[in-house]
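Some notes on the structure that comes next.
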Amino acid sequence: MNSAELKELTDEVVVALGAATDDDAVEALRIKYLGRKGILPALMKGMKDVDPSERAAMGIAANELKNAVTDGVAKRKDELAAMNDSEEVSSGFDCSLPGRWHGLGSMHPITMVIEEAIRIFGKLGFVVAEGPDVETHYNNFEALNTPPHHPSQDERDTFWLHTGELLRTQTSPVQIRTMNEQKPPVRIITPGRCYRRDTTDATHSANFHQIEGLYIEAERKVSLADLKSTMAYFAKEMMGDNVEVRFRPHFFPFTEPSVECDFTCHVCGGDGCRVCKQSGWIEIAGAGMVDPRVLERVGYDPETTTGFAFGMGIERIAMIKYGINDIRHLYENDMRFLAQF
């Protein structure tokens, strides 16, 4: 190739750059001529073989080619950018306008109840403890003193995995994990998701949320009076100053004695209505003194260690607190429902 042919090549690249329709095409031309394996580097490498009489003219022509490609690439990219901006303006889009503000979303009712419960119990010294959704049989049943024949262990009631583990049916296993790792005193709450083989209807769901509490002491005697005062404080903070609390004898494998904890109906104030089925009371929580056999399984001395535990359904509290008549509303992600909160 001689200097005349180089000048023709320069004219060709100028025309090619002018015809490029996008940045990719421009970049391809730049690589073709100036890239490490491009035309110009190859010419410069072979300059030593050019006839000395032609070498000066070739050098000038090669430099012109380099400048033409460099300047042409920059110019064409600017032209393409200007064309794109012009098209955006002509299409009615003004890129200088600020974005549209859609507003912040609100918290889900379940989240609101959980955060409020954490705040309330936090004022009493309870801290949050968490654990996995997939649990062992020992943590979910055996360590909690649940007998082998208990219906909760049946395949029709619990989601069993092929590994022999299960989806936890309650957040109580977190209490076992905490006690195995920590000596008294223990004062925790365990909000989280649970799973049971319930048929979904207005008041039941196969997955739901619980918040459980555990208070263990080795230096002082914990009694039902401590449990009652804790639940009464929670009830007034969550439902209002006028709410009352009552305990009814019940049975749970992991507490002895065991009680059901009822709050006066916040709708009728205890007079009786459709929500409380005319009883004036709404069942909120199961509770009781931690069974000595549970304490033994985690290595605590039941002779010197006492404590209470309680558990309540988050969805149930949310439904009562916010007047929700169907638990399915909490899981359908219907914006018309969620917008109320």
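Throughout, read-outs are computed from the coordinates displayed, never taken from laboratory work. All of these numbers come straight from a predicted model, not from anything done at the bench. Cβ: placed from backbone, ideal geometry, glycine included. Neighbour counts: every protein chain shown.
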Any residue on another chain or 5+ positions along whose placed amide H is under 5 Å from the amide H of His209 is listed here as Cys194, Ile314, Glu315
The stretch 1-158: relative contact order from alpha carbon pairs under 8 Å, six or more residues apart, as a whole percent, is 23
For the stretch 3-90, the dipole about the Cα centre with charges only on Cβ (Lys and Arg +1, Asp and Glu -1), to the nearest 20 debye, works out at 620
Note, the stretch 221-226: 3J(HN,Hα) by Karplus (6.51, -1.76, 1.60, θ = phi - 60°), whole Hz, Gly/Pro = x, goes 7, 8, 10, 5, 4, 5
For the chain, the Debye formula with one identical point scatterer on each Cα and no solvent gives log10 I(q)/I(0) at q = 0.10, 0.12, 0.14 Å⁻¹ as -0.67, -0.89, -1.14
Which of Gln175, Gln210, Gln278 fluctuates most in a GNM of the chain (C-alpha springs under 10 Å)? That residue is Gln278
Contact order relative to length for the chain, counting C-alpha pairs under 8 Å separated by 6 or more residues, stands in percent at 14
To the nearest 0.05, the calculated FRET efficiency linking Leu97 and Met335 through their beta-carbon distance, R0 being 25 Å, is 0.45
Taking the stretch 236-284, the whole-percent share of alpha-carbon pairs separated by over 18 angstrom is 35
To the nearest 10 degrees, the tilt of helix 52-90 (Cα long axis) against the first principal axis of the alpha carbons of the chain is 40
Residues whose built amide H sits under 5 Å from the amide H of Val259, excluding neighbours closer than 5 in sequence, are His250, Ala287, Gly288
To the nearest 20 debye, the chain has a Cα-centred charge dipole, built from +1 on Lys and Arg Cβ and -1 on Asp and Glu Cβ, of 700
The FRET efficiency for Asp201 and Ile118, from their Cβ-Cβ distance with R0 = 25 Å and rounded to 0.05, is 0.30
In whole Hz, the Karplus estimates of ³J(HN,Hα) for the stretch 186-196 (6.51, -1.76, 1.60; θ = phi - 60°; x where Gly or Pro) are 10, 9, 10, 10, 10, x, x, 8, 10, 9, 9
Here the residues of the stretch 295-339 lying in the modelled label zone of Cys273, meaning backbone nitrogen under 20 Å from a point 7 Å along Cα-to-Cβ, are 315-327
The ³J(HN,Hα) series, computed from each phi in the stretch 227-238 with the Karplus coefficients 6.51, -1.76 and 1.60 at θ = phi - 60°, rounded to the nearest Hz and given as x for glycine or proline, is 5, 5, 5, 5, 5, 5, 5, 4, 4, 5, 5, 7
Longest principal axis of the chain (C-alpha) makes with the long axis of helix 109-122 (C-alpha) an angle, in degrees to the nearest 10, of 60
